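The values are calculated or read from the model by the stated rules, or taken from the named source; none is laboratory data. Every value quoted in this text rests on a predicted model; they were computed, and no experiment measured them. For neighbour counting, all protein chains shown are included, and Cβ atoms are generated from backbone atoms with ideal geometry for every residue, glycine included. All accessible areas refer to the heavy atoms of the entire protein, side chains included, with ligands and DNA or RNA removed. Shrake-Rupley method; radii C 1.70, N 1.55, O 1.52, S 1.80 Å.
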Amino acid sequence: QVRLVESGGGLVQPGGSLSLSCVASGSGFSTAAMAWYRQVPGKQRELVASIYSDGSTNYREFVKGRFTISRDNAKNMVYLHMNSLKPEDTAVYYCNAYTSMGASWGQGTQVSVSS
């Protein structure tokens, strides 16, 4: 199974940018479907963006044009580059991997957008 560790969260002003990183260990990363989710207290965890082993990507409408997901299979890394951040982007962001062994989650990293 894949083990995931996120980093890069923090506090940023509205309109600012932030990049999240997720490093994976264990087998299966190169063929895994990877994704970023986010969650705010009292709400369900929601998908933000996903990237597949062939490099194809999908984005939720509320981040299209602002966020970019990418991966580096040589480094077992997946990234989320976030631009034009809004206060409503404030959440704990989680890295997710889906392989034939099932789903794995990181511990999450807090992103706060506030002036």
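Details
- Close pairs from the stretch 1-24: first of a type in the set (Phe, Trp, Tyr), partner in a strand (DSSP E or B) and at pLDDT 95 or above, Cβ under 7 Å, at least 6 apart: none
- Pair list, Cβ < 6 Å and 6+ apart or interchain, from the stretch 98-112 residues that are farther than 18 Å from residue 41 by Cβ and of a type in the set (Gly, Ala, Ser) to residues that are open to solvent by less than 20 Å² (accessible area, probe 1.4 Å) and assigned to a loop (DSSP other than H, G, I, E, B): 104/2
- Taking the stretch 1-110 and the strands (runs of 3 or more DSSP E) fully enclosed by it, the elements with 1 or more residues that are open to solvent by 40 Å² or more (accessible area, probe 1.4 Å), of a type in the set (Val, Ile, Thr) and on the phi < 0 side of the Ramachandran plot are at 3-7, 18-25, 57-59, 67-72.
- Count of the stretch 9-32 residues, restricted to those that are under 12 Å from the mean Cα position of the chain (by Cα) and small (Gly, Ala, Ser), is 3.
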